[in-house]
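Have a look at the structure below, then the notes.
The values are calculated or read from the model by the stated rules, or taken from the named source; none is laboratory data. Nothing here was measured: the structure is a model prediction, and the numbers come from that model. When we count neighbours, we look across all protein chains shown, and the Cβ atoms used for this are built from the backbone with ideal geometry, even at glycine. Heads up: the accessible areas ignore ligands, DNA and RNA and are worked out on the full protein's heavy atoms, side chains in. Shrake-Rupley method; radii C 1.70, N 1.55, O 1.52, S 1.80 Å.
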Amino acid sequence: MALERTLSIVKPDAVAKNVVGEIYSRFEKAGLKIAAAKMKHLSRKEAEGFYAVHRERPFFNALVEFMCSGPVMIQVLEGDNAIAKNRELMGATNPKDAAPGTIRADFADSIDANAVHGSDAAETAAVEIAYFFPSTEVYAR
Ligand code: GDP
Ligand code: MG
């Protein structure tokens, strides 16, 4: 088991639904620790930069618009296998395909408003964490 860090975002839909605490509780119950956290209303530029890998995709504009539509909660999660563990807790990208009991099955409304983001690999986790947090704001847990 590798001790890892991953970047998690509670998206505007889930912040608006007031389920930040319920989502944090799932992280904690799965053994993931919160190593950094902040609430932020992303600018268009910040959202475009964060999702730059998707800029050629047909849904890019909708995704950026949505991510700027209200404040998000951004956190670094730390723990054994944190990247895969968080992806498992999140469920499939489309909530229609998400396994019962996952965050997206329980809280997401659509493939656009799908409640959470989570890094998908070690390299992207490192880039995404650095995008939002200087190393002095990430605390070993
Ligand atoms: P994730 O890693 O599970 O979040 O999924 P991706 O990295 O593939 O896509 C990033 C985000 O773009 C997803 O969470 C969705 O909100 C959105 N997205 C992905 N695929 C589609 C799609 O086919 N249509 C729409 N409308 N949005 C999508
Ligand atoms: Mg992704």
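For the range 57-141, what % of the accessible area comes from carbon and sulfur atoms, probe 1.4 Å?
Using a 1.4 Å probe with all protein chains present, the range 57-141 comes out at 55 percent carbon and sulfur.
Where in the chain are the DSSP H helices whose alpha-carbon span along the long axis reaches 15 Å or more and whose Kyte-Doolittle mean is at least -0.5?
Counting only whole DSSP H runs, the qualifying helices are 122-132.
Taking 0.36 nm per residue of separation and subtracting the Cα-Cα distance, what length does fully extending MET39 through ILE111 add?
Extending this stretch completely gives an extra 23.7 nm.
Strictly over 26 Å apart at the Cα level, which of LYS40/LYS85; LYS17/LYS38; LYS45/LYS85 would you flag in this model?
LYS45/LYS85
Restricting to Cα pairs below 8 Å that are 6+ residues apart, what does the relative contact order work out to for the range 52-141? Please round to a whole percent.
For the range 52-141, the relative contact order is 23 percent.
Per DSSP helix of 4 or more residues, -39500 (n - 2.57); summed, then divided by the residues of the chain. What does that give at 222 nm, rounded to the nearest 500?
-10500 deg cm²/dmol, from helical runs alone.
Report the calculated FRET efficiency for ARG141 and ASP97 (r = Cβ-Cβ distance, R0 = 41 Å), to the nearest 0.05.
That gives a FRET efficiency of 0.85.
Kindly report the accessible area of the range 9-141 per residue (heavy atoms of protein chains, probe 1.4 Å, no ligands, DNA or RNA), in Å².
Accessible area per residue: 51 Å².
May I ask you to rank ARG44, ARG104 by accessible area, largest first, using a 1.4 Å probe over the protein chains only?
Output order, biggest surface exposure first: ARG44, ARG104.
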